[in-house]
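**Student:** First the structure, then my questions, so here it is.
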Amino acid sequence: MARSIEADWVSRFADEVIAEAERRAPGKTIVCASGLSPSGPIHLGNLREVMTPHLVADEIRRRGHDCEHIISWDDFDRFRKVPAGIDEAWNEHIGKPLTSVPAPPGSTYPNWAEHFKAAMAAALAELGVEYRGISQTRMYTSGAYREQILLAMRERGRIDAILAQYRTKPKATKVITDADEAAAMEGSGAAGEDDGSAATGYFPYKPYCSVCDRDLTTVTSYDDDTTALSYTCVCGHDETVLLSEHDRGKLVWKVDWPMRWAYEGVVFEPSGVDHSSPGSSFVVGGQIIRDVFKADQPIGPMYAFVGISGMAKMSSSRGGVPTPGDALQIMEPPLLRWMYARRRPNQSFKIAFDQEVQRMYDEWDSLVRKVTEGTAQPADTAAYQRSIGTASGLLPTTPRPLSYRTLASIVDITTGDEEQTLRILRDLDPDNPVASLDEVRPRLDRAERWITTQVPAEQRTQVRENPDVELLNSLSETERESLRILLDGLDEHWSLDGLTTLVYGVPKIQAGLSPDAKPTPELKTAQRAFFALLYKLLVGRDTGPRLPTLLLAVGADRVRKLLTV
Ligand SMILES: [Zn+2]
């Protein structure tokens, strides 16, 4: 088993959760919980709902305690709206449980909820998140919550009184400033759902109509002694059922959530900002669990919004915000885990789909180096250890983690040609050549995915087919000389390190300086001008991938062809 990790926010929550669990029921399995609504694609922001308890549960396991992470699939929630891009015919399903709505066209899954659950479950498996999934459809329709539902109905006056304390207060409003954020809020829980009040009285239970299967029902009466519940539906149906036998309905969200905390004995469940304001589900739920279900509220930190940089344009064309599966296309699981592990839940952050992803990878590689050398800060080391594996073991890694930036540049230029890619990778370090692409996978595949799916065509590198004769003929004698020095040194310097020395060295030689001379402002200007000239001649632009990588990728023969006057 992996050792426990001290010194970060995860560790501090683990301390708190273990102490609380001991106070409540010593020796009992500790339960950490998440809730996800499979009402549509489950996006990266919702991953925080899972990663926060996952990391805490994992730390508790590392310390040798029994701990279970449960994920409640809120698949018995109503289908609220037809997302953009889906046939309007799905409108007829609004109000039905998500498990009763047909899956989107073309899906092989039996229903709407299963379709969207599956993608998230696949991403969680890749991320090493172990959990017990609980289908709320299965729980409600099997009668598992019977006692709790009857209790909530008996106590409806008390629940109504708790909710009433908040109904009079002005509703907390949150200004949503970002389109991604607005889209993100859509998927989170059942915020905004009605709390059970109606002209006919307050009833925290809402049946799905036995004729049309929608929740457009109104409870008109309830008899505590017989549990006879009467309802009407907008479809015209009305009937009386015995709640002691009825399994096709659910508690309203603000009562459902605390009921499940009590039922599962949840000690830790964070929630998004939208659930933590005054009068919100978490605050009201705390009172309902104490007064009605006679149990304790979980420790429930609020987590801040997770944003995305660089995918807005692409996501809007696809009609959605990116999912964990989308992120795992362009980065390895440890890197994605790290995004969530390194920041405290109340800090917001962004996950990069644009050029920033290269910088994130550089930062990660530098952290790995520091950890290996033993020079990393304790909290950074903790985040690293939580990212590379769990109490159950390490996640798969790339055996030879070459710089993501370098790999991206290479596949950019080779457009994924494996033979050419391997040739360039061998040349990077001739003393210790890469023998097979498998050594640099899966990182190579992620970099290739990033280049092909996220980098706009105008930012891709196009090596010139033919020399820019006009430019070559217009060069000054100094410029011609710089190209000659470079070409003369190519063979001798044909490696990543060698070419780095060479390209920085050419302007030094021209200035009569030694190869290890310290850069002066004049030298830096000369280097910049030299690099710009090379980019112009090789790729027809002022910038491009790092020059040593570019030269290796283009190949010595073609470099000669493009740089010779
Ligand atoms: Zn109906």
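**Student:** Applying a 10 Å radius around every beta-carbon, put 411-420, 234-243 in order of their mean neighbour count, most first.
**Tutor:** On the way: 411-420: 16.9, 234-243: 13.8.
Most protected by this proxy first, the peptides run 411-420, 234-243.
**Student:** Using just the C-alpha positions of the chain as equal point scatterers, what log10 of I(q)/I(0) does the Debye formula give at each q in 0.06, 0.09, 0.13 1/Å?
**Tutor:** Result of the Debye calculation: -0.42, -0.78, -1.28.
**Student:** In degrees from 0 to 90, rounded to the nearest 10, what is the angle of the helix 112-126 Cα long axis to the longest principal axis of the chain?
**Tutor:** Helix 112-126 and the main axis of the chain meet at about 50 degrees.
**Student:** Under a plain spin-label model, where a point goes 7 Å from the Cα along Cα-to-Cβ, how far apart in nm are L151 and D468?
**Tutor:** For L151 paired with D468, the spin-label model returns 7.5 nm.
**Student:** Run the numbers for I94 and R290: contour at 0.36 nm per residue of separation, minus the present Cα-Cα distance, in nm.
**Tutor:** Values: separation 196, 0.36 × 196 = 70.56 nm, distance 3.37 nm.
Full extension from I94 to R290 adds 67.2 nm.
**Student:** At q = 0.14 Å⁻¹, what log₁₀ I(q)/I(0) does the range 422-565 have when each alpha carbon counts as one equal point scatterer in the Debye sum?
**Tutor:** For the range 422-565, the Cα-only Debye profile gives -0.73.
**Student:** About its Cα centre, what dipole magnitude does the chain give when the only charges are +1 on Lys and Arg Cβ and -1 on Asp and Glu Cβ, stated in debye to the nearest 20? Please report the intermediate quantities before stating the final value.
**Tutor:** Numbers: 65 positive and 80 negative charges, 176 e Å.
That gives a dipole near 840 debye.
**Student:** At a 1.4 Å probe, what is the % contribution of carbon and sulfur to the accessible area of the range 417-512? Please list the in-between numbers first.
**Tutor:** Values: 2290 of 5270 Å².
Summing carbon and sulfur atoms, their accessible area is 44 percent of the total for the range 417-512.
**Student:** At a Förster distance of 22 Å, what's the computed FRET efficiency of T501 paired with E481, Cβ-Cβ distance as r, to 0.05?
**Tutor:** Values: r = 18 Å, r/R0 = 0.83.
Once rounded, the FRET efficiency stands at 0.75.
**Student:** Now for a different question. If you line up the long axis of helix 281-291 against the longest principal axis of the chain, both from Cα atoms, how many degrees apart are they, to the nearest 10?
**Tutor:** The angle comes out near 40 degrees.
**Student:** Have a look at the DSSP beta bridges in the chain and tell me what percent are antiparallel, nearest 5. Walk me through the numbers before you get to the answer.
**Tutor:** Values: 18 of 38 bridges.
Taking every DSSP beta bridge within the chain, about 45 percent pair in antiparallel fashion.
**Student:** For the range 1-92, report the translational diffusion coefficient in µm²/s to the nearest whole number, using Stokes-Einstein at 20 °C, 1.002 mPa s, and a Kirkwood Rh over Cα pairs.
**Tutor:** Working: Rh = 15.4 Å.
Value of D from the Cα-based Kirkwood radius: 139 µm²/s.
**Student:** Compute the accessible area per residue over the range 333-450, keeping the other protein chains in place, probe 1.4 Å, unit Å². It would help to have the intermediate numbers written out before the result.
**Tutor:** Details: 5260 Å² over 118 residues.
With all protein chains present, the range 333-450 gives 45 Å² per residue.
**Student:** Looking at this model, which pairs from K350/K370; K28/K350; K28/K254; K524/K561; K250/K350 are more than 32 angstrom apart at the alpha-carbon? Could you put the intermediate results ahead of the total?
**Tutor:** Working: K350/K370 24 Å; K28/K350 37 Å; K28/K254 27 Å; K524/K561 27 Å; K250/K350 36 Å.
Over 32 Å Cα-Cα: K28/K350; K250/K350.
**Student:** Using only protein heavy atoms and a 1.4 Å probe, report how much of K28 is accessible, in Å² to the nearest 10.
**Tutor:** Ignoring ligands and nucleic acids, K28 comes out at about 120 Å².
**Student:** Roughly speaking, what is the stretch gain from S348 to S197, that is 0.36 nm per residue apart minus the C-alpha to C-alpha distance, in nm to one decimal? Mind showing how you got there, number by number?
**Tutor:** Details: separation 151, 0.36 × 151 = 54.36 nm, distance 3.52 nm.
Result for the pair: 50.8 nm of gain on full extension.
**Student:** Can you show me the helix-derived [θ] at 222 nm for the chain, built from DSSP H runs with n ≥ 4 at -39,500 (n - 2.57) apiece and divided by the number of residues, rounded to the nearest 500.
**Tutor:** Values: 23 runs with 262 residues, N = 565.
That comes out to -14000 deg cm²/dmol.
**Student:** Measure off 7 Å from each Cα along the Cα-to-Cβ vector at T372 and R132, then give the distance between these two points in nanometres to one decimal.
**Tutor:** In this crude spin-label approximation the distance works out to 4.1 nm.
**Student:** In Å and on Cα atoms, what radius of gyration and Dmax does the range 310-421 show?
**Tutor:** According to the Cα coordinates of the range 310-421, Rg and Dmax are 15.5, 47 Å.
**Student:** Next question. Measure nothing but the geometry: give the 0 to 90° angle between the long axis through the Cα atoms of 356-373 and the longest principal axis through the Cα atoms of the chain, rounded to 10°.
**Tutor:** With rounding to tens, the tilt is 80 degrees.
**Student:** Using every alpha carbon pair in the range 339-383, what percent of pairs falls into each 5 Å bin from 0 up to the bin containing the largest distance?
**Tutor:** With 5 Å bins starting at 0, P(r) equals 5, 20, 24, 24, 18, 8, 0.
**Student:** How much length would be gained if the chain were fully extended between A125 and H237, taking 0.36 nm per residue of separation minus their Cα-Cα distance, in nm to one decimal? Mind showing how you got there, number by number?
**Tutor:** On the way: separation 112, 0.36 × 112 = 40.32 nm, distance 4.37 nm.
Result for the pair: 35.9 nm of gain on full extension.
**Student:** Which of the peptides 545-551, 137-143 is most tightly packed, and how do the rest follow, judged by the mean count of other Cβ atoms within 10 Å per residue? Working shown, then result.
**Tutor:** Numbers: 545-551: 21.9, 137-143: 16.7.
Per-residue mean Cβ counts within 10 Å order the peptides as 545-551, 137-143.
The values are calculated or read from the model by the stated rules, or taken from the named source; none is laboratory data. What you are looking at is a predicted structure, and each value in this text was computed from that prediction instead of being measured. Cβ sites come from the backbone with ideal geometry, for glycine too, and all protein chains shown count toward neighbours. Each accessible area value is taken on the protein alone, full model and side chains, heavy atoms only, with ligands, DNA and RNA left out. Shrake-Rupley method; radii C 1.70, N 1.55, O 1.52, S 1.80 Å.
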